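These notes concern the structure reproduced below.
The values are calculated or read from the model by the stated rules, or taken from the named source; none is laboratory data. Note that the structure is a prediction, hence the values are computed from the model and not measured. Neighbour counts are summed over all protein chains in view; Cβ atoms, including those assigned to glycine, are modelled from backbone coordinates with ideal geometry.
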Amino acid sequence: MTASTAWQVETISSPALTLDILPEMGASILNLRAASGRPVMRPVALENVQTSSQCACFTLLPYSNRIRDAHFAFAGQDVQLRPNTKDGLAQHGDVRNRPWTVMRASSSHLICDFDSRDVTDVNWPWAFSGRVEYRLHGPHLDISVTLTNLDSRPLPAAEMPAGLGLHPYFARLQDGLDPLLTFDGALTYDTDERNLPLGGARPVQPSEDFRTPTAVGTQTIDRVYTAWDGIARLDWQPQAGSDQTLPHRALILTADNVFSHLVVFTAPDGSLALEPVSHATDAFNLAARGIGGTDMKTLLPGQSLAGTLRVTVEGEW
């Protein structure tokens, strides 16, 4: 389908939140708004969507983030993917711009499925399926993601490296105020000019540390953290000495343990991406070099990798 305005939009809601999803565009989130209409994730106009990159959130399967030169070695296999970035990387998996099938739709609950065996040009040598489930209840949005190895070849060829993640962009400015960001991530990675890790994780430096509430401000950030406790928080409050008043307003992310890494990215449009992911950037190549702590997973046929992210709005939205 070539005209974005013709795409199907599925909408679910709770008393606190409304969520719009595009099943034909990776089952990506178009918008997440509070009941007042205030954007929680970055606001997106349907007519501006050409790929999932313009959406408010998309799903990362069967791996997250970047693979160096779209190439890695795994279990004796030499795997060459098609690059999908201008600098020769494979990035963000291969499901985010593809049609998904709606399996369940109710007023507050949506399930969409993807099967790579239905795609002739899938950019992954193993057969797999994906499921994304959106559920609204009260002030919470729960997003559950499942990746399953469907490969039918004999072992060891059917054993699959695996990863998953979510890529939400949050609206930073609320009543003209930028939020304070807080999360407990003690380790990060040094990277090269393509944002690929040079080695294993190392302790954060003071300028990289968000374990106490810190204003994002004018910083340009594109950094992966680990030793993360699965919680991140945005708080909007006037700066010290300001006479501006603002009702209490916060946003909290709570991620399952499978999401061992958090990507923090200040997007060019002014939004803030907080991306829970299950492994380090370029984890497959790092693991092949014997570098630990990257959290690359492997799945035998029939096995699944799954996790849930909760987005909670707190205060007066």
### Query
Mind checking which residues of segment 294-317 are out of contact with any His (no Cβ under 7 Å at 6 or more places or on another chain) and at pLDDT below 95?
TRP317
### Message
Within segment 281-290, does at least one residue satisfy the condition of being part of a strand (DSSP E or B) and buried (at least 17 other Cβ atoms within 10 Å of the Cβ)?
### Response
no
### Task
Can you confirm whether segment 8-19 contains a residue that is among the hydrophobic types (A, V, I, L, M, F, W, C), within 17 Å of SER108 (Cα to Cα) and either crowded, with 24+ Cβ neighbours inside 10 Å or under 18 Å from the mean Cα position of the chain (by Cα) (or both)?
yes
### Summary
Subset of segment 33-53, residues within 19 Å of PRO15 (Cα to Cα) and within 15 Å of the chain's Cα centre (by Cα), comes to MET41
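Okay, residues lined up against (1) closer than 19 Å to SER260 by Cα; (2) among the aromatic types (Phe, Trp, Tyr); (3) in contact with a strand residue (DSSP E or B) (Cβ under 9 Å, 6 or more places away or on another chain):
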| position | (1), (2), (3) |
| --- | --- |
| ALA171 | no, no, yes |
| ASP190 | yes, no, yes |
| PRO197 | yes, no, yes |
| ARG202 | yes, no, yes |
| GLY217 | no, no, no |
| THR220 | no, no, yes |
| ARG223 | yes, no, yes |
| ILE231 | yes, no, yes |
### Message
Among the residues that make up segment 10-17, is at least one of them more than 23 Å from ARG98 (Cβ to Cβ), hydroxyl-bearing (Ser, Thr, Tyr) and touching a residue at least 24 places away in the same chain (Cβ under 8 Å)?
### Response
yes
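Let's see how each residue does on (1) in contact with a Gly (Cβ under 8 Å, 6 or more places away or on another chain); (2) assigned to a loop (DSSP other than H, G, I, E, B):
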{"residue": "PHE259", "(1), (2)": "yes, yes"}
{"residue": "ASP269", "(1), (2)": "no, yes"}
{"residue": "ALA273", "(1), (2)": "no, no"}
{"residue": "GLY293", "(1), (2)": "yes, yes"}
{"residue": "GLY302", "(1), (2)": "no, yes"}
{"residue": "LEU305", "(1), (2)": "yes, no"}
### Message
Regarding segment 221-240, can at least one residue be identified that is on the phi > 0 side of the Ramachandran plot and either touching a helix residue (DSSP H, G or I) at 6+ places or on another chain (Cβ under 7 Å) or surrounded by 14 or more Cβ atoms within 10 Å (Cβ to Cβ) (or both)?
### Response
yes
### Message
I'd like the full set of residues that are within 22 Å of the chain's Cα centre (by Cα) and surrounded by fewer than 23 Cβ atoms within 10 Å (Cβ to Cβ), limited to segment 135-147.
### Response
ARG135, LEU136, HIS137, PRO139, HIS140, ASP142, ILE143, SER144, THR146
## Note on the structure
Filtering segment 84-128 down to residues that are more than 18 Å from the chain's Cα centre (by Cα) and among the polar types (S, T, N, Q) yields THR101, SER106, SER107, SER108, SER116, THR120, ASN123
### Task
Among the numbered conditions (1) farther than 26 Å from PRO23 by Cα; (2) surrounded by 19 or more Cβ atoms within 10 Å (Cβ to Cβ); (3) not acidic (Asp, Glu), tell me where GLY93 comes up short.
(1)
### Message
For the condition out of contact with any Leu (no Cβ under 9 Å at 6 or more places or on another chain) and closer than 26 Å to ALA171 by Cα, what is the one hit in THR188, THR214, THR182?
### Response
THR188
### Task
Filter segment 215-239 for residues that are assigned to a strand (DSSP E or B), out of contact with any Gly (no Cβ under 8 Å at 6 or more places or on another chain) and under 11 Å from VAL264 (Cβ atoms) and give the result.
ASP222, ARG223, VAL224, ALA232
